[in-house]
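Here's the structure, in structure tokens; my notes come after.
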Amino acid sequence: MSATAARRVGLVSLGCPKALVDSERIVTRLRAEGYDISADYEGADLVLVNTCGFLDSARDESLDAIGEAISENGRVIVTGCLGAEPEMIRQRHPEVLAITGPHQYEAVMEAVHEVAPPAHDPYVDLVPPEGLRLTPRHYAYLKISEGCNHRCSFCIIPQLRGDLVSRPIKEVLWEAKRLADAGVKELLVISQDTSAYGLDLRHAESEWQGQPLRTHMTDLCRALGDLGIWVRLHYVYPYPHVEEVIPLMAEGKILPYLDIPFQHASPKVLKAMRRPANNARVLERLARWREICPELVIRSTFIVGFPGETEEDFQLLLDWLDEAQLDRVGCFKYEAVSGASANELEGAVPEEIKQERWDRFMAKQQAISAAKQQARVGQVLEVLVDALDEEGAVGRSYADAPEIDGAIYLDDADWVEPGQIVRARVVEADAYDLRAVVLDD
């Protein structure tokens, strides 16, 4: 294939926001080297599939996507988490041209060069300094580390992505500043374990704009807060030093929003999961955090039907939800993951019981969420507009992360623009979404 003909790369991006950031970095590298991004299979010289391999259902989705790309295009490179199992991929899809693992950007580019050599063009090479992104222009994910040091029994992320590798704080802040300078209004800080940021670097010291900084979660949040845009924290384990961040939220430096994956409340189940098992201490911390920052919103995820979970364990979880009064909650029915140590546990929960417990869990949390949402009626909130619709606009407040939380529907506001922040009064609420009117001031 000639260098001038092989310029268009199709991209299929699957999985979590961390994988999306990997896709953005790959797209940025591709554009910087003269490639165009194809919107369809037909117009692509090759197709790059960024896979997810966390759950068996995600693995199946990734394998199906690879198969579709092969059927529609024929020239396919695979990267991402499922790339950690190249033999399995090749057994299913021997036509794949190359396979790389997660966040192996150089290997991805080498594979692309091999299949479709770049045709450099000085006009195409002009890539914006903030890089190319796959999210809307007004928000962006900021990945601060790779990998994880935890060994949760249901998870194979360390096998796929390795142990914790933190990015130097100065590198993270330069990226954040470039994004803010480019007009991004909200940064979503992501990693496998945001609270552990810098532990592998022994909190190495650096300097940013004349101020000494440690490579540490607290120092990073303080510096990001000086950018003057929304900063939202995801995947935060409730380590003691998280308390250092809560005052920054109370001061308005970063959004009073924490995404903490609690997973369960039964000490027995948490021990089997290899998770912190002191649910009483967690409740004490939540109370203390809310005392410091009353506006704090807590989002979390849970698993029901974990091997060995009894009705008593599940009822303990429901009771804990009543006490914790979390604002945003997601729940998954346990699904065995190939390679996870939880597969060896006894006491598998039948699927019909998993479903019944999931239904009860969601009903319990829906009632909590509905009450919290109703309490917002009459409040004035800052709303970041995401999109326009037939009735007006759709946006989010500090309490809502994109794609996973609720939305705020702004009536008769077709004059606003995506990325604009407006003040709006809440006039109606349901269990997850709000309706509001934009204030003239």
Matching residues in the stretch 142-172 - criterion: being of a type in the set (Val, Ile, Thr) and part of a helix (DSSP H, G or I): ILE157, ILE169, VAL172
Any idea which residue in the stretch 288-327 is most open to solvent (accessible area, probe 1.4 Å), counting only those that are over 21 Å from the mean Cα position of the chain (by Cα) and within 19 Å of LEU248 (Cβ to Cβ)? GLU291
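Results for (1) in a helix (DSSP H, G or I); (2) of a type outside the set (D, E, K, R); (3) under 25 Å from ASP386 (Cβ atoms); (4) modelled with pLDDT under 90, shown as yes or no for each residue.
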{"residue": "TRP174", "(1), (2), (3), (4)": "yes, yes, no, yes"}
{"residue": "LEU187", "(1), (2), (3), (4)": "no, yes, yes, no"}
{"residue": "SER195", "(1), (2), (3), (4)": "yes, yes, no, no"}
{"residue": "PRO212", "(1), (2), (3), (4)": "no, yes, no, yes"}
{"residue": "ASP219", "(1), (2), (3), (4)": "yes, no, no, no"}
{"residue": "LEU224", "(1), (2), (3), (4)": "yes, yes, yes, no"}
{"residue": "ARG232", "(1), (2), (3), (4)": "no, no, yes, no"}
{"residue": "LYS253", "(1), (2), (3), (4)": "no, no, yes, no"}
Sort out for me the strands (runs of 3 or more DSSP E) sitting completely within the stretch 1-67 that have 1 or more residues that are open to solvent by 50 Å² or more (accessible area, probe 1.4 Å) and farther than 30 Å from ILE157 by Cα. 8-13, 36-38
Kindly evaluate VAL329 against the criterion of being in contact with a Phe, Trp or Tyr (Cβ under 8 Å, 6 or more places away or on another chain) and among the hydrophobic types (A, V, I, L, M, F, W, C). yes
Residue match in the stretch 173-181 (condition: crowded, with 16+ Cβ neighbours inside 10 Å and either closer than 29 Å to PHE332 by Cα or in contact with a His (Cβ under 8 Å, 6 or more places away or on another chain) (or both)): no
State all residues of the stretch 407-418 that are open to solvent by less than 10 Å² (accessible area, probe 1.4 Å) and under 30 Å from THR301 (Cα atoms); if no residue qualifies, say none. ILE408, LEU410
Is the stretch 89-100 home to any residue that is among the charged types (D, E, K, R) and open to solvent by less than 60 Å² (accessible area, probe 1.4 Å)? no
When only residues in the stretch 378-398 that are modelled with pLDDT of 95 or more and open to solvent by 60 Å² or more (accessible area, probe 1.4 Å) count, which is farthest from ALA431 (Cα to Cα)? GLU382
Residue pairs, Cβ under 8 Å, 6 or more apart or interchain, first in the stretch 129-144 and within 22 Å of VAL416 (Cα to Cα) and surrounded by fewer than 22 Cβ atoms within 10 Å (Cβ to Cβ), second at pLDDT 70 or above and hydroxyl-bearing (Ser, Thr, Tyr). List them. THR135/TYR141
Can you tell me which of (1) acidic (Asp, Glu); (2) within 26 Å of ILE254 (Cβ to Cβ); (3) more than 23 Å from the chain's Cα centre (by Cα) is the one ASP411 doesn't meet? (2)
Output the number of residues of the stretch 229-276 satisfying the condition of being among the polar types (S, T, N, Q) and either over 20 Å from the mean Cα position of the chain (by Cα) or closer than 22 Å to GLU291 by Cα (or both). 1
Being in contact with a helix residue (DSSP H, G or I) (Cβ under 6 Å, 6 or more places away or on another chain) and open to solvent by 40 Å² or more (accessible area, probe 1.4 Å) narrows it down to one of LEU248, LEU227, LEU213, so name that one. LEU227
Give SER71, SER62, SER145 a once-over and let me know the one that is of a type in the set (S, T, N, Q), in contact with a Lys or Arg (Cβ under 8 Å, 6 or more places away or on another chain) and at pLDDT 85 or above. SER145
Of the criteria (1) closer than 29 Å to SER397 by Cα; (2) out of contact with any strand residue (DSSP E or B) (no Cβ under 9 Å at 6 or more places or on another chain), which one GLU311 fails: (1)
Take the residues in the stretch 1-47 that are under 30 Å from VAL189 (Cα atoms) and of a type in the set (Lys, Arg); name whichever of them is modelled with the lowest pLDDT. LYS18
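The values are calculated or read from the model by the stated rules, or taken from the named source; none is laboratory data. Because the structure is predicted, anything quoted here is derived from the model rather than measured. Note that each Cβ is placed from the backbone with ideal geometry, even for glycine, and that neighbours are counted across all protein chains shown. Note: accessible area is taken over every heavy atom of the protein model, side chains too, but ligands, DNA and RNA are not part of it. Shrake-Rupley method; radii C 1.70, N 1.55, O 1.52, S 1.80 Å.
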